[in-house]
Amino acid sequence: TRYISVTGVQTCALPIFMDKQKVSNKLVNFIKDNFLSAKDKIKVDAIKDENNLYVLETEINGKKSNFYVTKDGSTFFPQKLDLNPPVAREIPKADKPQVDLFVMSFCPYGNDAENQMKPIIDSLKGKANFQLHYIIYQNYQGKKYCLTDKMKYCSMHTTSEVKEDIRELCVGKYQPEKLWDYVIKIDKGTTAAKVDQDWAKIAKEAGVNIKQVKTCQKNEGTKLLDQELVLTKKSYPVENPQRHRSRSGHYQKEMAIQGSPTLIINGVIYDGKRSTAGYQKAICAAFKNPPASCNQILKAAGKTNGEGSCQ
């Protein structure tokens, strides 16, 4: 706001705003002159009002970006950062909570989370829905890490990890009562380098039908991985946005699965302490009426290595 004097009396003058289209043209010309080559293409898809700024939704060589310009057309902001962090959200409650744990089968921190989760699953058996999911990459590193030549199904700990992900998905689909015993035995009994030769013996110890797993792996493996790809890429609301920042510095209220392990409770990414006690408290708080077993003091099924992540 500017102050002007008329006959000796100070008054407030209205701020001078430029027309949206003029601001858009000015910004496009500025970006072309200072940042782009003659071959680059830029277009403005939409111009919106946001408080004291114009928000220009643009495409540069097909990539979408938002730019911010003051309404007088004088100042351009490549991005806007919120100085007021968003508040944490409460995980919604349900009669029977849905608990989804995303891991890589040979990520040590994912194995920690499985050890921490196992006693909770045993104590809340039938009272909550527990699902184990697997983080799958595409076009990752090279053929050593990917199941097919097209590099559609990849993981951080080589192709052997992708194959074990499939086997665990198969056990979960057809022999769910055997899954967690099998997973914990795999975690303790082998490595990504040795699992292809060890898994059948470990499966037998866990009472798993090996023939059924092999048939599922052969006939349904990539279909099961396709489902995991969709879930890995999906955006989920986060419990505490202040713990998550994008590369551009923005707080993230929603995000895709970033690393192993990631725990989702009733559709919200859990941001609390990663421990048996922390997981139990959060899951039990997600019940509308927590069962008496929530009062049990539980211990992890194995040793843990801290709060790192494979990503």
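The values are calculated or read from the model by the stated rules, or taken from the named source; none is laboratory data. Because the structure is a prediction, the values reported are computed rather than measured. Positions of Cβ are backbone-derived with ideal geometry, glycine not excepted, and every protein chain shown enters the neighbour counts. The protein model used for the area step is the full one, side chains on, heavy atoms only, and it has no ligands, DNA or RNA in it. Shrake-Rupley method; radii C 1.70, N 1.55, O 1.52, S 1.80 Å.
In whole Hz, with x marking every Gly and Pro, tabulate ³J(HN,Hα) for region 259-273 from phi via Karplus 6.51 cos²θ - 1.76 cosθ + 1.60, θ = phi - 60°.
In residue order, the calculated couplings are x, 9, x, 10, 9, 10, 10, 6, x, 10, 5, 6, 10, x, 5 Hz.
What full-extension length gain, to one decimal in nm, is calculated for residue 220 and residue 70 as 0.36 nm per residue of separation minus the Cα-Cα distance?
Value of the extension gain: 48.5 nm.
Among 219, 172, 141, pick out the residue whose Cα is farthest towards the positive end of the charge dipole of region 106-222, where Lys and Arg carry +1 and Asp and Glu carry -1 on C-beta, about the Cα centre.
Value: 219.
log₁₀ I(q)/I(0) of region 191-254 at q = 0.14, 0.25, 0.26, 0.29 Å⁻¹, via Debye over equal Cα point scatterers, no solvent, to two decimals?
These q points yield log10 I(q)/I(0) values of -0.69, -1.08, -1.12, -1.18.
Residue by residue, what Karplus-based ³J(HN,Hα) values in Hz, rounded to whole numbers, does region 105-116 have, using 6.51, -1.76 and 1.60 with θ = phi - 60° and x for Gly and Pro?
Going residue by residue, I get 5, 10, 6, x, 6, x, 4, 4, 4, 5, 4, 6 Hz, with x marking Gly and Pro.
Taking R0 as 30 Å, what's the FRET efficiency between residue 51 and residue 311 from their Cβ-Cβ distance, rounded to 0.05?
0.30
Using only Cα atoms, find the angle between the long axis of helix 20-34 and the longest principal axis of the chain, and express it within 0 to 90 degrees, rounded to the nearest 10.
70 degrees
Would you mind telling me which residue in 63, 273, 125 has the biggest mean-square fluctuation in a Gaussian network model of the chain, where springs connect alpha carbons within a distance under 10 angstrom?
63
Normalized C-alpha radius of gyration of region 190-311, against 2.2 N^0.38 Å?
Ratio of Cα Rg to 2.2 N^0.38 Å: 1.34.
Determine, for each peptide in 40-48, 173-181, the mean count of other beta carbons within 10 angstrom over its residues, then list the peptides with the highest first.
Ranked from most to least packed, the peptides come out as 173-181, 40-48.
Bin width 10 Å, origin at 0, all Cα-Cα pairs of region 144-251: what percent of pairs per bin?
Over region 144-251, the share of Cα pairs per 10 Å bin runs 14, 38, 28, 15, 5 percent.
Relative contact order for the chain using alpha-carbon pairs under 8 Å, separation at least 6, rounded to a whole percent?
20 percent
Using the scaling law 2.2 N^0.38 Å as the reference, what is the normalised Cα Rg of the chain?
The chain yields a ratio of 1.34.
Kindly provide log₁₀ I(q)/I(0) values, in the same order as q = 0.15, 0.17, 0.24, 0.34 Å⁻¹, from the Debye equation applied to equal alpha-carbon scatterers of region 143-186.
After summing over all Cα pairs, the log10 values are -0.41, -0.51, -0.77, -1.07.
Where is the GNM fluctuation largest for the chain (alpha-carbon springs, 10 angstrom cutoff): 281, 144, 211?
With Cα springs under 10 Å in the chain, the top fluctuation among 281, 144, 211 is at 211.
For residue 269, which sequence-distant residues (separation of 5 or more, or a different chain) have an amide H within less than 5 Å of its own amide H, given hydrogens modelled in the peptide plane?
Amide H neighbours of residue 269: 238, 239.
Roughly to the nearest percent, how much of the accessible area of region 103-150 is carbon and sulfur, given a 1.4 Å probe? Walk me through the numbers on the way to the answer.
On the way: 890 of 2080 Å².
On region 103-150, the fraction of accessible area on carbon and sulfur atoms equals 43 percent.
Specify the angular offset, from 0 to 90 degrees and rounded to the nearest 10, of the alpha carbon long axis of helix 210-233 from the longest principal axis of the alpha carbons in the chain.
The two axes meet at around 10 degrees.
Taking only the alpha-carbon atoms of region 89-161, what semi-axes of the equivalent ellipsoid follow from 5 times the gyration tensor eigenvalues under a square root, in whole Å, largest first?
Values for region 89-161, descending: 31, 14, 10 Å.
Could you give each residue of region 235-242 its phi-based ³J(HN,Hα) in whole Hz, using Karplus coefficients 6.51, -1.76, 1.60 with θ = phi - 60°, and x for Gly or Pro?
Result, rounded to whole Hz: 8, 10, x, 9, 5, 10, x, 5.
Hey, got the dipole for region 169-311? About the Cα centre, +1 on K and R Cβ, -1 on D and E Cβ, debye to the nearest 20?
On the way: 23 positive and 13 negative charges, 17 e Å.
Computed charge dipole of region 169-311: roughly 80 debye.
Set the Förster radius R0 to 51 Å, insert the Cβ-Cβ distance between residue 41 and residue 196 as r into 1/(1 + (r/R0)^6), and round the FRET efficiency to 0.05. Provide the component values of the computation, followed by the final result.
Values: r = 48 Å, r/R0 = 0.95.
Efficiency, from the Cβ-Cβ distance: 0.60.
For the chain, modelled as a Gaussian network with Cα springs under 10 Å, which listed residue fluctuates most, 219, 34, 139?
Of the options given, 34 has the highest mean-square fluctuation.
Quote the relative contact order of region 164-219 in percent (integer), defining contacts as alpha-carbon pairs under 8 Å separated by 6+ residues.
Answer for region 164-219 is 44 percent.
What does the charge dipole of the chain about its Cα centre add up to, to the nearest 20 debye, if the Cβ of each Lys and Arg holds +1 and the Cβ of each Asp and Glu holds -1?
300 debye
Which whole-number percent gives the relative contact order of region 161-287, counting Cα pairs below 8 Å spaced six or more residues apart?
In percent, rounded to a whole number, it is 18.
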